[in-house]
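Here the structure comes first, spelled out in structure tokens, and everything after it is commentary.
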Amino acid sequence: MFAVRAVIAVLARGGPVMIPLAACSVLALAVILERTLTWWRLGTSRDPELVLARAAKGEWTEASELGRVSRSPVARVLAAGIQHRNPAPTLAMEAAARHELARLRRFLPVLDTVVTLSQLLGLLGTVTGMIAAFGIMGQSGMNSPHAITGGVAEALIATAVGLGIAIAALVPLNFFNSRVDALHETIEHYGSELELLLAEAPKRSGERPDR
């Protein structure tokens, strides 16, 4: 408890800019937890392979239904392509992929803004702290060293907190962005495989597949 009070006391010396910095930290934490939960719920799934396996057997209805109810974004994209396989599976998969990727990028722009804004707020705290320190110096000269160092401390605390929030938010931001990029590549891979199956289906059946 004493350590917590000491930390709060130090942060309180950071000046008014600590209020928006605290809001940034709470917002960043909320986004990180929400995105972590979202990816955890997705987990790993073999549904895309199962969808393609059924499509390869010509079981279009079963493959579409399996992908539609799956929690895997890749499987849902494949289901859209199968459902609209005649005449525009590629366009259907592209539209579904955009929807899925937008859902997985949700709130990431907010986290990106927090990374930039927290640094700027820390810089603002530096400026206001130094202004206060030099203002005191101009009024009392060097007769109030504690007041002067207090202004410098305010500047340094705000800067440190701002950089700390930015660094702490930057790592998960890059992680989530890399996961989205990797999933995008996976969607393109499975989508290409489905397009090959759709192209070969008429050759195997001797006619164009129905919806």
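Can you list the equivalent-ellipsoid semi-axes of region 47-94, largest first and in whole Å, using the square root of 5 times each Cα gyration tensor eigenvalue?
Values: eigenvalues 43, 32, 12 Å².
Semi-axes (√(5λ), whole Å): 15, 13, 8.
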**OP:** Using only Cα positions of region 66-115, each an equal point scatterer, no hydration layer, compute I(q)/I(0) via Debye at q = 0.16 Å⁻¹ and quote the log10 values to two decimals.
**Re:** -0.50
Subject >> Nitroxide proxy distance, nm - points 7 Å out along Cα→Cβ at ALA22 and SER45 >> reply: 4.1
Original post:
If the chain between GLU34 and ALA53 were fully stretched, how many nm would it gain, using 0.36 nm times the residue separation less the Cα-Cα distance?
Top reply: 3.5 nm
**OP:** Extending each Cα 7 Å along its Cβ direction at GLU65 and ARG103, get the distance between those two points in nm, one decimal.
**Re:** 2.1
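Throughout, read-outs are computed from the coordinates displayed, never taken from laboratory work. Remember, it's a predicted structure, so these values are computed and weren't measured experimentally. Counting neighbours? That spans all protein chains shown, and the Cβs are built from the backbone with ideal geometry, glycine included.
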